[in-house]
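Each remark here refers to the structure printed beneath this line.
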Amino acid sequence: MITPEQFSFFADLVKAGSGIALNPGKEYLLESRLNELARSLGLDGLDELYRKARHEMTPSLKEAVVEAMTTNETYFFRDQHPFEALRKEILPGILDRNRPGRRLRIWSAACSTGQEPYSIAMVLREHFPETAAWHVEILATDISARALEKGRAGRFTQVEVNRGLPVTYLLKYFKQDGAFWIADEALRKLVRFQQRNLLEPFASLGAFDVVFCRYVLIYFDTETKKAILDRLARALRPGGVLFLGATETPVWLPEGLAKEVHGKTYCWRRKDPAAADA
């Protein structure tokens, strides 16, 4: 049974390392995941992991604890409606605007094992074939090195491809390899995976036309949410669009973001002063 002292120690460590807020009531979750981590490290259990973390903390151990507490729940075309809005309402206007330079940048933040950025890549290949001649980058970032490794390989189980991926897309964009399905090389070339902690500055990533940051803000406290939203807004080009999770309607918005409704999907667009002056 995890003690209050142990819970407080690990909760503080996870909060400092990832921004994830583990409030009282999450004791069982933390205990079960860290017991599993302890066994994988050859330790007797949570008590020994706690003693090691208190007295022999290393960067790799800290990363392992944080990674153990991250949630990698995802699936292809999750919620469906945001991808419909992207295809029907968002991308046509952005592509018209960007046509002179033929460049497009999309960021899938907190991408987990890669189903979201690959879904975006399939939208582009299936519905906007002209972008094959463009400079297109889909940046996929996550705090979990293990999740990124899987996403980079583009290798998914039958259960994973059965979750949200239309059969026509499966047969068109994936090749079967025994019990697994592997994204084709052209699809994988569209996506660049990179480890990134949303608590850290990301101005060096440059500006994006579209940002997906879904189902991660729910794990942060209010002040952390505000800080991340502010930086996400600044990562958008004027006229760029931010997608959050369906349950993540923010009570506070950075200046310059305006809410839009597309069918069943909410998104937030960075105001374009040039468009306002036109």
Just add up the charged neighbours of Leu236: K/R +1, D/E -1, any other residue whose Cβ is under 12 Å from the Cβ of Leu236. +4
Give the whole-number value, in cubic angstrom per residue, of the convex hull volume spanned by the C-alpha atoms of the chain. 143
Label-point separation in nm, Phe9 to Lys264, each point 7 Å along Cα→Cβ: 4.7
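Provide the FRET efficiency to the nearest 0.05 for the Ala186-Ser32 pair, computing r from the beta carbons and using R0 = 45 Å. Intermediate results must be reported in sequence, preceding the final value.
Values: r = 40 Å, r/R0 = 0.90.
The computed FRET efficiency comes out at 0.65.
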Give me the dipole magnitude in Debye, nearest 20, for the stretch 40-82 about the Cα centre, with unit charges on the beta carbon: positive for Lys and Arg, negative for Asp and Glu. 120
Any idea what the relative contact order of the chain is, in percent, if you count C-alpha pairs under 8 Å spaced at least 6 apart? 17
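Using Cα-Cα distances under 8 Å and only pairs 6 or more residues apart, what relative contact order does the stretch 97-138 have, in percent?
Details: 27 pairs, mean separation 24.2, N = 42.
Over the stretch 97-138, the number comes to 58 percent.
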Pairwise label distance in nanometres, Arg152 with Glu255, each label 7 Å out on the Cα-Cβ vector: 4.0
Under 14 Å from a point 7 Å along the Cα-to-Cβ line of Trp134: which residues of the stretch 199-223 have their amide N that close? 208-211
Any idea what the relative contact order of the stretch 30-151 is, in percent, if you count C-alpha pairs under 8 Å spaced at least 6 apart? 24
Too long for a 31 Å Cα-Cα cut-off, among Lys172/Lys264; Lys175/Lys271; Lys175/Lys225; Lys62/Lys225, are Lys175/Lys271; Lys175/Lys225
With -39,500 (n - 2.57) per DSSP H segment of 4 or more residues and division by the full residue count of the chain, the 222 nm estimate, nearest 500 deg cm²/dmol, is -12500 deg cm²/dmol
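The stretch 199-278: which chymotrypsin sites (Phe, Trp or Tyr not before Pro) are DSSP loop and have at most 11 other beta-carbon atoms within 10 angstrom? Don't skip to the answer; put the middle values down first.
Values: sites: Phe202, Phe208, Phe212, Tyr215, Tyr219, Phe220, Phe243, Trp252, Tyr266, Trp268; in loops: Phe202, Tyr215, Phe220, Trp252.
Taking the stretch 199-278 and a limit of 11 other Cβ atoms within 10 Å, the loop chymotrypsin sites (Phe, Trp or Tyr not before Pro) found are Trp252.
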Would you please put 51-59, 117-125 in order of how densely packed they are, using the mean number of other Cβ atoms within 10 angstrom per residue and starting with the highest? 117-125, 51-59
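Full-extension gain between Thr247 and Glu73, please, as 0.36 nm times their residue separation minus the C-alpha to C-alpha distance.
The span from Thr247 to Glu73 would gain 61.2 nm if fully extended.
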Selection from Pro59, Met69, Gln158, by position along the positive dipole direction of the chain (Cβ): Gln158
Give me the aspartates and glutamates in straight-line cross-link reach of Lys52: C-alpha distance below 12 Å, same-chain residues under 8 apart excluded. Asp44
Explain nothing, just compute: Karplus ³J(HN,Hα) = 6.51 cos²θ - 1.76 cosθ + 1.60, θ = phi - 60°, for every residue of the stretch 66-80 in order, whole Hz, x for Gly and Pro. 4, 5, 4, 9, 7, 9, 10, 6, 6, 6, 5, 6, 4, 6, 6
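Under a point-charge model restricted to the Cβ atoms of Lys and Arg (+1) and Asp and Glu (-1), what is the dipole moment magnitude of the chain relative to its Cα centre, in debye to the nearest 20? Write out the running numbers ahead of the final one.
Working: 39 positive and 36 negative charges, 185 e Å.
Roughly 880 debye for the chain.
A short reminder: the numbers here are calculations on the coordinates, not readings from a lab. Remember, it's a predicted structure, so these values are computed and weren't measured experimentally. Cβ: placed from backbone, ideal geometry, glycine included. Neighbour counts: every protein chain shown.
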